[in-house]
Amino acid sequence: MNLPRKICVVTGSRAEYGHLYWVLREIERAKDLELQLLVTGMHLSPEFGLTYKTIEADGFSITRRVDMLLSSDSSVGIAKSTGLGLIGFSDAFDSLQPDIVLMLGDRFELLAAATAALFLNLPIAHVHGGEVTIGAFDEAIRHSITKMSQIHFTSTEAYRRRVIQLGENPDRVFNVGAPGLDNIRHFKLLDQIGLEEAIGMGLGPKSLLVAWHPVTQEPGRARKDFQVLLAALDQLNGVKLVFTKANADTGGRVINNMIEEYVNLHPSKSVVSTSLGSFRYLSALSHVDGLVGNSSSGIIEAASLETGSINIGERQKGRVKPNSVIDCVSDEKSISIALKKLFSSEFKDSLSGIHNPYDGGEDVAGTIVKILRSTKLNGIIKKCFYDLVEPDKHL
């Protein structure tokens, strides 16, 4: 009798855990697979809500915890945290001996995990490769993980082509869509009254969800850019604001402090949550008039809920975007013009039945798990660079 194939899933943040939720469920249900769950990063930090408790409350057993996050959002602090992660993941992988390591995205915690898996000759399956985030070191991390991985799950065909362009074998690059959209298909989201009770504030006739993350390759700009956004939001009359805090990235603490200060000054029209979690976050996204900031959720999830979004600055520049996204630069006038369009009846009417290019079908998680189950692993570690054009042997 064959032993179950051991799939080790690494999660370090609330958002990426939410995207992987149904993949975890599918692995857990499969009799021929064994789920190993490694929890790290923000999940283990009191500052970011100790979200490992959410994972446990969802009924998952945490196999190992890799504590790596220093209490610092400086560039040096992030680099040192990555080093600690490399040590912790090396020990964890050596102990668990997984058959495949699965990870999603582009955070520095995953760079540490992928590097450890590389050195231990463990196959890596990577979700959401081939995407672009200009101005953030996530860009380099994502492509680095692609080159360390053997199995690739992309969210659009354009991203599949880019992963192949990076030299990956097309036979191991699968366009499955965004797995986070399974949440919208499977969760029964809160109605407006339930959401208002959950966040502790009524939404009123107009409301916005605000999600802003640092542009990590533009140090020192976090405060300036976020202050511009707050100034534009402050000009709105009768609009309730639901803030979510930034991730543990360089400059994230500056943004989170500014959010706290703003909400303390405007308690009647604004509220902040360290971590809404996927269920409450998507519920909020389904009831507000739009999302404002620079989060990928305004590009990927919002369209499936027929909610508009304003994407500010260059953090998401280069991503495939549905027509529900309004791009603008980071200045008060540009943001104000975008807000006027977001609230307009014409724009809202255009969102009905909008196409989401990230929608891969009814069961993205099931597709991913089917491929994890069936992929032959013998000889998979050694990769040959796949050339789109035959190289000139004379050069």
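Every number here is computed from the coordinates shown, using simple stated rules; none is lab data. Since the structure is predicted, the reported quantities are computational estimates derived from the model, not experimental observations. Positions of Cβ are generated from backbone atoms using ideal geometry, with glycine treated the same way; all protein chains shown enter the neighbour counts.
In a simple Cβ point-charge model (Lys, Arg +1; Asp, Glu -1; nothing else charged), the chain has a dipole of about 320 debye relative to its Cα centre. Only helical runs count toward this figure. For the chain, summing -39,500 (n - 2.57) over DSSP H runs of n ≥ 4 and dividing by all residues gives -12000 deg cm²/dmol at 222 nm.
Qualifying trypsin sites (Lys or Arg not before Pro) in region 154-196, where qualification requires a DSSP coil assignment and no more than 13 other C-beta atoms within 10 Å, comprise K188. Basic side chains Lys and Arg get +1 at the Cβ, acidic Asp and Glu get -1 at the Cβ, and with that the dipole of region 8-54 about its Cα centre reaches some 140 debye. The alpha carbons of region 189-350 give a radius of gyration and a Dmax of 14.4, 40 Å, in that order. If you take the alpha carbon atoms of region 134-247 and fit the smallest convex hull around them, that volume is 156 Å³ per residue. For the chain, find the longest principal axis of its Cα atoms and tell me its angle to the long axis of helix 138-148, 0 to 90°, nearest 10. Taking Cα atoms only, the helix is inclined about 20 degrees.
Cross-link pairs exceeding 28 Å between alpha carbons, from the set K188/K348; K53/K206; K317/K370: K53/K206; K317/K370. Across region 1-104, the convex hull enclosing all Cα atoms gives 92 Å³ per residue.
When the Debye formula is applied to the Cα atoms of region 1-61, each taken as the same point scatterer, what base-10 log of I(q)/I(0) results at q = 0.18, 0.19, 0.26 Å⁻¹? At q = 0.18, 0.19, 0.26 Å⁻¹ the computed log10 ratios are -0.61, -0.67, -1.09.
Contact order, relative form, for the chain: 17 percent (alpha carbon pairs under 8 Å, 6 or more residues apart, mean separation divided by residue count). Averaging the Cα positions of each part gives two centres, and for region 158-209 and region 284-362 these lie 13 Å apart. The GluC sites (Glu not before Pro) of region 1-89 include none that DSSP puts in a loop with a beta carbon having at most 10 other beta carbons within 10 Å. Which translational diffusion coefficient, to the nearest whole µm²/s, is obtained for the chain from the Stokes-Einstein equation, given a Kirkwood hydrodynamic radius over C-alpha pairs, 37 °C and 0.692 mPa s? Result for D is 152 µm²/s. Dipole magnitude for region 189-350: computed about the Cα centre from +1 point charges on Lys and Arg Cβ and -1 point charges on Asp and Glu Cβ, it is near 280 debye.
Rg/Rh, computed from the Cα trace of region 230-313 with Rh as the Kirkwood radius, has the value 0.94.
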